[in-house]
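The values are calculated or read from the model by the stated rules, or taken from the named source; none is laboratory data. None of these values were measured; they are calculated from a predicted model. Heads up, the Cβs are rebuilt from the backbone with ideal geometry, glycines too, and the neighbour counts pull from every protein chain shown. Remember, those area values only see protein heavy atoms, side chains included, never the ligands or the DNA or RNA. Shrake-Rupley method; radii C 1.70, N 1.55, O 1.52, S 1.80 Å.
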Amino acid sequence: MAETDLDFGALRDDMVQQQLVTRDITDRRVLDAMRSVPRHLFVSKGMRRMAYWDGPLSIGERQTISQPYIVALMTQLLRLAGHEMVLEVGCGSGYQAAVLACLAEQVITIERHPTLASKARELLKQLGHTNVTVLVGDGSAGVPDEAPFDAIMITAATPTTVPPPLKEQVKDGGRIVAPVGGMGSQVLEVLERRGTDWRTVRSIPVMFVPLIGKHGWEEKEYGYW
Ligand code: SAM
């Protein structure tokens with residue numbers, strides 16, 4: 001079947017039903033956002049037919065767009081109500097930022113690869129997500145000029161702990177969702193700020209590309225991948 005004959009809307013509805021509803025995604029707003037964002041536009045033309053499969057896909061620069069279920073789960077764990085200022089570290093294709101944009105007031109997303117950032121910026125603009133700002137830089141240090149944030153999502157693997165500058169940029173009562181652990185595999189953690197204390201809840205094991213930067217991994221450590 002030619003790509004132009006594919007019904008991406010139907011594929012997206014099936015993805016939500018089969019990969020999210022049958023697992024543990026119960027937040028109506030998250031399900032609606034996942035139903036509305038055209039994931040196939042965030043991957044290269046040759047990969048569009050695979051955009052709604054139950055796994056990650058390559059987006060160039062040795063980076064990936066995460067599995068739909070992981071995008072939905074991380075979003076659900078942030079528990080957004082609609083009024084929040086959110087920081088995403090690891091813009092990649094811009095897909096996760098588009099989902100967040102449906103659920104929060106303002107989204108800042110930062111990406112270290114300028115080529116990925118500019119593609120994402122252009123597409124988010126075309127799709128009318130006027131509440132998203134795409135920045136280029138090392139997000140392991142956060143975005144202090146725009147802080148504090150109600151919520152931060154890190155979509156790259158942090159070594160052993162969430163970088164302290166990111167924790168400092170979260171409001172009291174705010175949340176961070178991040179894959180924390182080794183370079184090969186991590187655990188999704190939800191950190192909730194209570195004044196100077198943090199409550200941490202561990203979710204599921206995951207496998208993310210590394211967060212590379214001053215407060216992440218060194219680029220040369222990523223070499224053997
Ligand atoms: N959220 C993305 C999406 O929806 O396509 C997928 C993120 S991908 C799994 C991880 C991204 O984090 C990559 O694009 C990578 O270049 C980026 N990254 C890694 N270290 C970073 C850093 N220090 N600052 C900003 N981006 C970083």
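Tell me the relative contact order for segment 109-190 as a rounded percent, counting alpha carbon contacts under 8 Å between residues six or more apart.
Working: 124 pairs, mean separation 20.2, N = 82.
Relative contact order comes out at 25 percent.
Nearest 500 deg cm²/dmol is fine: what mean residue ellipticity at 222 nm does the chain get from its DSSP H runs of n ≥ 4 alone, each adding -39,500 (n - 2.57), divided by its residue count?
On the way: 6 runs with 53 residues, N = 225.
Per the formula, -6500 deg cm²/dmol.
From the phi angles alone, apply the Karplus equation (6.51, -1.76, 1.60; θ = phi - 60°) to segment 182-190 and give each ³J(HN,Hα) in whole Hz, x where the residue is Gly or Pro.
Per-residue couplings from phi come out as x, 6, x, 8, 9, 10, 6, 10, 10 Hz.
Roughly speaking, what is the stretch gain from Lys220 to Ala81, that is 0.36 nm per residue apart minus the C-alpha to C-alpha distance, in nm to one decimal? Show your work: numbers first, answer last.
Working: separation 139, 0.36 × 139 = 50.04 nm, distance 3.95 nm.
My answer for the length gained is 46.1 nm.
If you roll a 1.4 Å probe over the chain with all protein chains in place, what percent of the accessible area is carbon or sulfur? Before the final figure, lay out each step's value.
Details: 5380 of 10320 Å².
On the chain, the fraction of accessible area on carbon and sulfur atoms equals 52 percent.
Just by accessible area at a 1.4 angstrom probe, what is the order of Lys45, Lys171 from largest to smallest? Walk me through the numbers before you get to the answer.
Numbers: Lys45 140, Lys171 80 Å².
The most accessible residue leads, giving Lys45, Lys171.
How big is the dipole moment of the chain about its Cα centre under a simple scheme where the beta carbon of each Lys and Arg is +1, that of each Asp and Glu is -1, and everything else is neutral? Debye, nearest 20, please. Numbers along the way, then the final one.
On the way: 24 positive and 27 negative charges, 30 e Å.
Dipole magnitude for the chain comes out near 140 debye.
Please compute the contact order of the chain in relative form: average sequence separation of alpha-carbon pairs under 8 Å and at least six residues apart, divided by the residue count, as a percent.
Working: 449 pairs, mean separation 31.0, N = 225.
It comes to 14 percent, rounded to a whole number.
Report for segment 85-225 the percent antiparallel among DSSP-assigned beta bridges with both residues inside it, nearest 5. Intermediate results must be reported in sequence, preceding the final value.
On the way: 15 of 37 bridges.
Taking every DSSP beta bridge within segment 85-225, about 40 percent pair in antiparallel fashion.
Output needed: percent of Cα pairs per 10 Å distance bin for the chain, bins running from 0 to the one holding the longest distance.
Histogramming the chain at 10 Å steps yields 8, 35, 40, 15, 2, 0 percent.
Would you mind checking the pairs Lys45/Lys171; Lys171/Lys214; Lys119/Lys220; Lys45/Lys214 and listing those with alpha carbons more than 28 angstrom apart? Intermediate results must be reported in sequence, preceding the final value.
Working: Lys45/Lys171 40 Å; Lys171/Lys214 23 Å; Lys119/Lys220 25 Å; Lys45/Lys214 34 Å.
From the list (Lys45/Lys171; Lys171/Lys214; Lys119/Lys220; Lys45/Lys214), the Cα-Cα distance tops 28 Å for Lys45/Lys171; Lys45/Lys214.
Top mean-square fluctuation among Thr109, Thr158, Thr26, Gaussian network model of the chain, C-alpha springs under 10 Å?
Of Thr109, Thr158, Thr26, the most mobile in the Gaussian network model is Thr26.
Among DSSP beta bridges whose residues both lie in segment 1-144, state the antiparallel percentage, nearest 5.
Values: 3 of 13 bridges.
Close to 25 percent.
Over the chain, average the accessible area per residue using a 1.4 Å probe and give it in Å², no decimals.
Details: 10320 Å² over 225 residues.
I get 46 Å² per residue for this part.
How far apart, in nm, are the 7 Å Cα→Cβ label points at Gln126 and Lys45?
Label at Gln126, label at Lys45, 1.1 nm between them.
Multiply the residue gap between Asp13 and Thr160 by 0.36 nm, knock off their C-alpha separation, and tell me the result in nm, one decimal place.
Numbers: separation 147, 0.36 × 147 = 52.92 nm, distance 3.67 nm.
Gain in length upon complete extension: 49.3 nm.
Taking amide H positions as placed 1.01 Å from N in the peptide plane, with prolines and chain starts having none, which residues 5 or more places from Ile212, or on another chain, fall under 5 Å of its amide H?
Trp217
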